[in-house]
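Derivation of every value follows stated rules applied to the coordinates shown; laboratory data play no part. Quick caveat, the model's predicted, so the values are computed rather than measured. Quick reminder, even Gly has a Cβ in these numbers, built from the backbone with ideal geometry, and neighbours come from all protein chains shown.
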């Protein structure tokens with residue numbers, strides 16, 4: 001297998017470090033808009049440097065990416081860029097006859113009239129619209145294959161296959177106790193993306209209503225996370241799992257709640273109230289005279305780059321899927337989860353926990369595709385595949401998952 | 001009397017509208033860095049247009065301002081700019097042999113070692129250092145002569161002269177119930193200045209300790225404001241009264257508390273936590289490439305200009321001075337206050353309440369100087385003068401003050 005990895009940021013760099021330890025692929029081309037970042041990610045891989053090479057790529061240029069895939073004879077494109085580049089990369093892979101994996105799906109647009117009640121364009125809609133073309137080409141677009149979405153979807157499939165007869169509710173729950181030394185406020189993931197997903201109308205699925213939206217931060221609940229993280233306030237957030245899981249798994253209700261904590265929710269509310277979440281530019285004075293600046297870009301410029309914070313971070317991050325239903329005629333409730341301790345990921349891979357946890361899942365998925373354990377054609381989510389081999393492979397990677405009966 | 005008014009923003013424009021109705025001065029030159037703003041303020045005056053003229057002035061250019069004062073044969077400079085321009089305007093007036101009035105004093109600088117316990121450079125220090133030169137020139141610099149500082153200081157002097165034998169505590173308390181239609185968050189006063197005064201270490205005076213500072217937002221209390229405004233949470237804020245009152249009035253303790261309300265305090269805390277209150281520029285991308293922008297300027301650019309909000313504002317604003325002490329051997333506690341209803345100030349003057357309330361006080365003070373009721377030389381606060389004629393004049397201006405025994 002020859003892989004084109006597009007995007008050499010925090011997650012892309014962690015992908016090269018994890019993949020370098022696995023023999024399943026022949027070569028990985030690491031491409032970025034900033035060639036020096038791609039070269040740094042190749043250097044970071046360390047082991048088997050002959051299996052990696054760096055290239056320039058503009059992720060917004062579909063034709064150029066298709067050419068690169070053909071020139072490099074790549075079987076698969078792994079997209080590790082931000083969601084703005086999903087559609088050109090997805091299109092380039094189809095055009096070049098390559099398979100495709102991403103960790104976030106095409107972007108949503110709110111309903112023009114009732115954004116906090118009805119869905120407009122949903123996450124992934126633009127990708128699923130082209131499913132027939134992928135099926136006809138006999139190629140696979142495996143969408144949402146990070147940790148959340150990704151592992152969380154695998155957990156949902158596993159619960160349906162092996163733990164439950166009927167499922168009333170599936171709730172993805174994400175929480176952490178990470179702190180960053182020397183900073184009162186330092187998000188562990190891109191603030192640009194965090195604002196995008198947290199301030200968009202959250203989406204909920206119910207079997208009798210289909211998909212619908214709510215006000216931001218709706219249905220707050222305190223969820224008790226395992227391995228010492230403890231209780232964290234979680235709220236509804238727009239996320240891919242709610243769109244993916246109901247396509248392959250039968251459940252009465254599907255939600256995604258993020259353990260933002262009261263303080264972070266308050267910060268996001270204030271940013272919205274002041275209009276500082278906006279991406280449309282405003283005019284402001286600068287050293288170069290009056291210029292047009294996006295307020296959200298300015299907020300990001302005031303905060304530290306999350307990928308550089310690993311050495312100052314402490315604590316653990318948990319991704320998981322809570323399921324309630326019945327088994328053998330009795331009520332059952334479980335939480336399937338995956339925890340990464342930042343101290344461990346820094347020591348073992350030199351990557352901070354959130355970034356490493358995102359990156360390990362697409363590498364494991366590539367391995368299952370390379371070995372033929374997972375195979376398919378069309379636009380499919382992680383829950384379209386058999387869960388057990390994936391979960392076993394994670395354990396083999398040294399990062400086991402857990403199950404808590406509750 | 002010939003007056004040079006520097007600054008034709010919201011307060012400057014209200015000054016021309018109020019002064020136009022009073023015959024005490026011969027001519028007022030309205031000067032601004034933006035000549036069209038100065039011309040608009042002259043046009044806004046309406047009545048007796050022959051008594052007003054517009055001029056260009058750069059408030060940061062001390063020599064040019066002194067020349068303008070001489071050329072225009074002005075007896076007095078009224079400073080209606082922001083506090084960054086206090087020192088050049090104060091210096092220009094002295095150089096040109098004119099009297100000087102302002103509504104905010106020279107800026108403070110935090111103590112380098114213990115900013116939340118000890119004072120560094122205090123508000124007004126740079127002005128009081130030059131008091132001897134003013135005395136020797138026989139000219140008056142009447143500093144802090146807006147509403148707060150200003151009328152609040154007059155109230156303190158009135159309490160000491162007529163209402164109390166001994167004063168235990170003087171607390172200036174400012175609160176409002178103003179709302180702005182169509183905005184979740186729209187400060188009624190310059191956000192730049194509000195951030196400056198609210199996030200600087202608040203200063204407190206105690207007779208046995210002198211001046212000292214505390215953490216921002218310290219000593220929260222709920223103060224019940226009159227005329228239907230009702231209870232508002234107030235916290236310590238750095239303000240001129242605490243530096244002025246103890247110089248002329250004997251009191252055990254002097255504080256200033258601002259009725260910011262919980263929501264506004266929360267907003268300011270978040271701005272500080274994210275570093276968005278900073279004036280030092282950060283690098284951010286813009287339509288002109290990477291530029292250096294002050295985060296505080298960007299926050300201001302995202303919010304509506306307070307001076308333009310009068311038509312959409314509803315409610316009242318209250319400035320006042322609460323005093324506790326003894327009279328004739330018995331405990332006494334009073335609140336002396338001045339309330340402006342936005343509906344009234346818009347109808348009568350076309351000015352929003354907060355801006356109008358600030359502007360009326362220096363006009364009344366100019367009238368007392370023109371008529372010789374107030375006279376003096378040196379750098380003096382409003383409490384250095386007899387309070388009764390000022391309070392009577394406010395009533396004559398149609399904007400009476402109140403006294404509540406508590």
Exercise. Using alpha-carbon positions, what is the distance between the centroids of the stretch A:176-212 and the stretch A:309-368, in Å?
Worked result: 16
Exercise. Hey, with R₀ at 25 Å, roughly what FRET efficiency would residue B:135 and residue B:60 work out to, going by the Cβ-Cβ distance, to 0.05?
Worked result: 0.40
Problem set entry | Kirkwood Rh (inverse of mean 1/r, distinct Cα pairs), the protein assembly as shown, angstrom | 30.3
Seminar exercise, completed: Counting only DSSP beta bridges with both partners in the protein assembly as shown, the antiparallel fraction in percent, to the nearest 5, comes to 60
Problem set entry | chain A - percent relative contact order, Cα under 8 Å, separation 6 or more | 19
Problem set entry | Residue-averaged 222 nm ellipticity for the protein assembly as shown, from DSSP H runs of 4+ at -39500 (n - 2.57), nearest 500 | -9500 deg cm²/dmol
Exercise. Most mobile of A:330, A:375, A:37 per a Gaussian network model of chain A (Cα springs, under 10 Å)?
Worked result: A:330
Problem set entry | Average beta carbon contacts from partner chains per residue of A:182-190, 10 Å cutoff | 1
Problem set entry | Per-peptide average of other Cβ atoms within 10 Å, ordering B:218-224, B:202-208 highest first | B:202-208, B:218-224
For this session: Using just the alpha carbons, could you tell me how many Å³ per residue the convex hull of the stretch A:325-406 encloses?
Result: 131
Problem set entry | Residue-averaged beta-carbon neighbours from other chains (10 angstrom radius) around B:290-296 | 5
Seminar exercise, completed: Here P(r) for chain B, Cα-Cα distances in 10 Å bins, as whole percents, is 5, 22, 34, 27, 10, 1, 0, 0
Problem set entry | P(r) weight above 15 Å for the stretch A:244-310, C-alpha pairs, percent | 71
Exercise. When only alpha-carbon atoms count, how far does the stretch A:223-269 stretch along each of its three principal axes, as whole angstroms with the largest first?
Worked result: 35, 29, 14
Problem set entry | In nm, spacing of pseudo-spin labels at residue B:312 and residue B:73 (7 Å Cα→C-beta vector) | 4.7
Problem set entry | Centroid-to-centroid separation of the stretch A:72-92 and the stretch B:55-104 [C-alpha atoms, Å] | 63
Exercise. Rg and Dmax of the stretch A:104-247, Cα atoms, in Å?
Worked result: 16.8, 54
For this session: Could you check what % of the DSSP bridge pairs in the stretch B:2-101 are antiparallel, to the nearest 5?
Result: 0
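What percent does the relative contact order of the stretch B:2-101 come to when contacts are Cα pairs within less than 8 Å and at least six residues apart?
So the answer I get is 31 percent.
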For this session: Springs between alpha-carbon atoms under 10 Å, Gaussian network over chain A: tell me which of A:103, A:145, A:313 tops the mean-square fluctuations.
Result: A:313
For this session: Work out Dmax and Rg for the stretch B:180-266 from the C-alpha atoms and quote the Rg first, both in angstrom.
Result: 14.4, 49
For this session: Could you check the simple spin-label distance between residue A:50 and residue A:165, using points 7 Å along Cα→Cβ, in nm with one decimal?
Result: 5.8
Problem set entry | Percentage relative contact order, the stretch A:151-353, counting C-alpha pairs under 8 Å, at least six apart | 30
For this session: Taking the Cα atoms of the stretch B:151-353, report the difference between the largest and smallest coordinate on each principal axis, in whole Å and largest first.
Result: 70, 43, 25
Exercise. Mind checking the alpha-carbon convex hull of the stretch B:359-406 and giving the volume per residue in Å³?
Worked result: 98
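Please report, to one decimal in angstroms, the Kirkwood hydrodynamic radius of the stretch B:2-101 built from all distinct Cα-Cα pairs. Provide the component values of the computation, followed by the final result.
Working: mean 1/r = 0.0775 Å⁻¹.
So the Kirkwood estimate lands at 12.9 Å.
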